[in-house]
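Shown next, in C-alpha cells, is the structure this report addresses.
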Amino acid sequence: MPWHEVSRVESRLLFVEGCRSGRWSISEGCRRFGISRRTGHKWLSRYRTEGAAGLEDRSRAPHRVTYATAASAESALVALRQQHPYWGVRKLCRLLKCDKV
C-alpha cells in the first residue's frame with residue numbers, strides 16, 4: 001500500500017476538524033500534530049474567520065520597508081548610474097550627497 005502524502009494545509013485542516021468535532025482537546029491535538037498550543041489556537045482562529053483558505057501558508061515578508069530610498073532619490077541615482085555605468089556607489093552618493101555609505 002503506497003504512502004499517502006498530506007500537505008501542510010491538509011494537515012492543518014485535519015487538526016482543526018479533530019478539535020472542532022470534539023475528537024480530542026486542543027492540547028491533545030497539538031501533541032498529536034507536534035505544534036505548540038499557541039499555533040493550534042492561531043489555526044483555529046484563522047479557520048473560524050476565513051475558513052479553509054485561512055490555513056494556507058502566508059508570506060513572511062514585511063508589509064512595508066521603513067528604510068526604503070525615496071522615489072526622487074532613486075530616480076536621480078538611476079539616471080546618474082546610466083550616464084556613468086562604471087562609477088561605484090561611493091562616488092555616486094558623494095555626487096548626490098547621500099546620507100548612506
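The values are calculated or read from the model by the stated rules, or taken from the named source; none is laboratory data. Since this is a predicted model, take the numbers as computed values, not measurements. Cβ placement follows ideal geometry from the backbone for every residue including glycine, while neighbour counts extend to all protein chains displayed. In case anyone asks, the SASA skips ligands and DNA or RNA and just uses the protein heavy atoms, side chains included. Shrake-Rupley method; radii C 1.70, N 1.55, O 1.52, S 1.80 Å.
For the list (1) surrounded by 11 or more Cβ atoms within 10 Å (Cβ to Cβ); (2) among the small types (Gly, Ala, Ser); (3) outside any helix (DSSP H, G or I), I need the number of the one condition that Gly54 fails.
In the conditions (1) surrounded by 11 or more Cβ atoms within 10 Å (Cβ to Cβ); (2) among the small types (Gly, Ala, Ser); (3) outside any helix (DSSP H, G or I), Gly54 misses (3) alone.
Run Leu92 past the list (1) open to solvent by 70 Å² or more (accessible area, probe 1.4 Å); (2) touching a His at 6+ places or on another chain (Cβ under 8 Å); (3) of a type outside the set (Val, Ile, Thr) and report the number of the one that doesn't hold.
Result: Leu92 fails condition (1) only.
Please count how many residues of region 1-28 are of a type outside the set (Lys, Arg) and open to solvent by 70 Å² or more (accessible area, probe 1.4 Å).
Filtering region 1-28 for residues of a type outside the set (Lys, Arg) gives 1-7, 9-11, 13-19, 21-22, 24-28.
Narrowing further to those that are open to solvent by 70 Å² or more (accessible area, probe 1.4 Å): 1-6, 10, 14, 17, 21.
The number of residues fulfilling the criteria is 10.
Name every residue in region 70-83 that is among the basic types (Lys, Arg) and open to solvent by less than 90 Å² (accessible area, probe 1.4 Å), in order of residue number. Even if it seems obvious, please write down each step before you answer.
The first filter runs over region 70-83 and keeps only residues among the basic types (Lys, Arg), leaving 81.
Within region 70-83, no residue meets the criteria.
How many residues does region 10-36 hold that are within 16 Å of Arg48 (Cβ to Cβ) and touching a helix residue (DSSP H, G or I) at 6+ places or on another chain (Cβ under 7 Å)? Reasoning before the result, please.
Going through region 10-36, the residues within 16 Å of Arg48 (Cβ to Cβ) turn out to be 12-13, 15-22, 26, 29.
Of the ones still in play, those that are also touching a helix residue (DSSP H, G or I) at 6+ places or on another chain (Cβ under 7 Å) are 12-13, 15-16, 18-19, 26, 29.
Here the count works out to 8.
Those residues that are in contact (Cβ under 8 Å) with a residue 12 or more places away in the chain and out of contact with any helix residue (DSSP H, G or I) (no Cβ under 9 Å at 6 or more places or on another chain), I need them from region 73-101; list them, please.
Correct list: Val89 only.
Limited to region 29-44, what total is found for residues that are open to solvent by 50 Å² or more (accessible area, probe 1.4 Å), hydroxyl-bearing (Ser, Thr, Tyr) and under 18 Å from the mean Cα position of the chain (by Cα)? I'd like the intermediate steps shown before the answer.
Our first condition is that a residue be open to solvent by 50 Å² or more (accessible area, probe 1.4 Å); within region 29-44, this holds for 31-34, 36-38, 41-42.
From the residues that got through so far, the ones that are hydroxyl-bearing (Ser, Thr, Tyr) too are 36.
Among the residues that remain, those that are also under 18 Å from the mean Cα position of the chain (by Cα) are: none.
Residues that pass the stated criteria total 0.
Have a look at Tyr67, Tyr86 and point out the one that is over 29 Å from the mean Cα position of the chain (by Cα), open to solvent by 80 Å² or more (accessible area, probe 1.4 Å) and hydroxyl-bearing (Ser, Thr, Tyr).
Working: Tyr67 fails: over 29 Å from the mean Cα position of the chain (by Cα).
Exactly one of Tyr67, Tyr86 is over 29 Å from the mean Cα position of the chain (by Cα), open to solvent by 80 Å² or more (accessible area, probe 1.4 Å) and hydroxyl-bearing (Ser, Thr, Tyr), namely Tyr86.
Which numbered condition in (1) loosely packed, with under 10 Cβ neighbours inside 10 Å; (2) over 19 Å from the mean Cα position of the chain (by Cα); (3) outside any helix (DSSP H, G or I) is the only one that Ser59 fails?
Of (1) loosely packed, with under 10 Cβ neighbours inside 10 Å; (2) over 19 Å from the mean Cα position of the chain (by Cα); (3) outside any helix (DSSP H, G or I), only one is false for Ser59: (2).
Do any residues in region 49-72 that are within 21 Å of Thr39 (Cα to Cα) have Cβ atoms under 7 Å from those of residues that are open to solvent by 70 Å² or more (accessible area, probe 1.4 Å) and modelled with pLDDT of 85 or more, where the two are at least six apart or on different chains, and which pairs are they?
Close Cβ pairs (under 7 Å, with a partner that is open to solvent by 70 Å² or more (accessible area, probe 1.4 Å) and modelled with pLDDT of 85 or more) amount to Asp57/Arg8.
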